[in-house]
Amino acid sequence: MSLEAMLVVAAVLFCIGLYGALARRNFIAVLMSIELMFNGVNLTLVAMGRWLAPYTVQEQLSAVLTGQVFAVFVITVAAAEIALGLGIVFALYRTNESVDLTDAATLRH
Amino acid sequence: MWFEQIVFWALAAVAIGGALGVVLVRDLFRAALLLATVFVAVGGFYVMMNAEFLAVVQILIYVGAIAVLFIFGIMLTRDVQRGNAPNRLQIPAGVISALLLAAMVFTAVTTDWTTLAGAGRENQAQIAQTQAVGIPDATELTRAGLSAEEVESVAGSGLADLLIGDFVLPFEAVSLLLLAAAIGGLALARGRGR
């Protein structure tokens with residue numbers, strides 16, 4: 001287990017999520033893919049903090065944990081995003097009777 | 001060490017296999033369950049990187065709340081029979097993701113992270129800390145030549161100190177964001193006219 005291996009795994013997760021977010025038609029599948037991307041980013045943040053953070057003793061190791069603090073914020077924002085995303089899913093489903101994104105063209109033109 | 005390697009690669013296989021399942025499996029419900037599996041595997045990575053608090057948060061929020069919300073969403077919208085179909089962008093999306101992945105893997109593998117990590121790290125205590133993980137324990141710091149009060153100040157600091165100390169402004173901002181998102185989600189789900 002090294003920084004490189006962790007970064008590669010995180011990158012794979014992120015890119016699979018990116019593919020899913022771009023290529024799926026179901027709104028909920030797209031939201032799930034975005035969650036995969038969030039997880040890849042979080043892994044990168046924590047791995048960078050774990051292996052790379054430059055810090056001094058006088059600063060009480062705050063730099064080591066900064067990556068984890070960032071990850072906490074990302075998780076919070078992800079939770080907020082899901083709350084809003086599912087609200088939009090239900091609004092879309094009420095008007096369109098489907099959550100297919102290719103049908104959701106109301107705002108186009 | 002080899003045990004750590006085995007656990008790491010097993011978790012990596014679960015995470016990547018699950019992630020592929022999320023984007024490729026036709027049945028959305030199974031995709032949501034696979035997503036929960038990926039979340040658990042990522043929680044395992046956090047434990048391996050000594051970020052235990054994050055691992056707990058990951059299980060509680062991602063598996064406990066977000067995955068369950070997804071399953072609710074899937075069940076309530078009843079679009080299950082149409083499944084997880086791809087759109088016309090499938091091939092460009094695959095190409096873009098593969099190119100991005102190649103670039104990121106290339107960067108991760110070829111960058112010399114050791115010089116970056118070594119920058120500004122002169123004394124023995126700091127080197128000992130990098131080998132320790134997260135918050136190093138007291139015996140390791142004492143061995144590295146720190147005085148008793150320095151050891152105490154290091155061991156006493158943690159995520160909470162950072163969240164309520166240095167990061168208090170983003171902490172408050174994100175609480176506001178959560179409130180706004182909760183109200184916005186309610187307003188959207190309630191629909192207009194009522």
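The values are calculated or read from the model by the stated rules, or taken from the named source; none is laboratory data. From a predicted model like this one, the values you see are computed outputs, not experimental measurements. So basically every Cβ, Gly included, is an ideal-geometry build from the backbone, and we count neighbours across all protein chains shown.
Here are a few things to note about the model shown:
- B:PHE45 vs. criteria in contact with a Phe, Trp or Tyr (Cβ under 9 Å, 6 or more places away or on another chain), aromatic (Phe, Trp, Tyr) and surrounded by 22 or more Cβ atoms within 10 Å (Cβ to Cβ): yes
- Within the range B:41-82, tally of residues that are of a type in the set (Val, Ile, Thr) and without any contact (Cβ under 8 Å) to a residue 24 or more places away in the chain: 7
- First in the range A:70-93 and within 7 Å of chain B (Cβ to nearest Cβ), second anywhere and not in a helix (DSSP H, G or I), Cβ under 7 Å, 6 or more apart: A:VAL89/A:VAL99; A:ALA91/B:GLY191; A:TYR93/A:VAL99
- In the range A:53-66, the count of residues that are of a type outside the set (Ser, Thr, Tyr), modelled with pLDDT of 80 or more and buried (at least 22 other Cβ atoms within 10 Å of the Cβ) is zero.
- Contacts under 8 angstrom Cβ, first residue in the range B:3-26 being surrounded by fewer than 16 Cβ atoms within 10 Å (Cβ to Cβ), partner assigned to a helix (DSSP H, G or I) and not hydroxyl-bearing (Ser, Thr, Tyr), 6 or more apart: B:GLU4/B:MET48; B:VAL7/B:GLY44; B:VAL7/B:MET48
- Close pairs (6 angstrom Cβ cut-off, 6 or more residues apart or separate chains): surrounded by fewer than 24 Cβ atoms within 10 Å (Cβ to Cβ) in the range A:18-29, assigned to a helix (DSSP H, G or I) and hydroxyl-bearing (Ser, Thr, Tyr) anywhere: A:LEU18/B:SER97; A:ALA21/A:SER33
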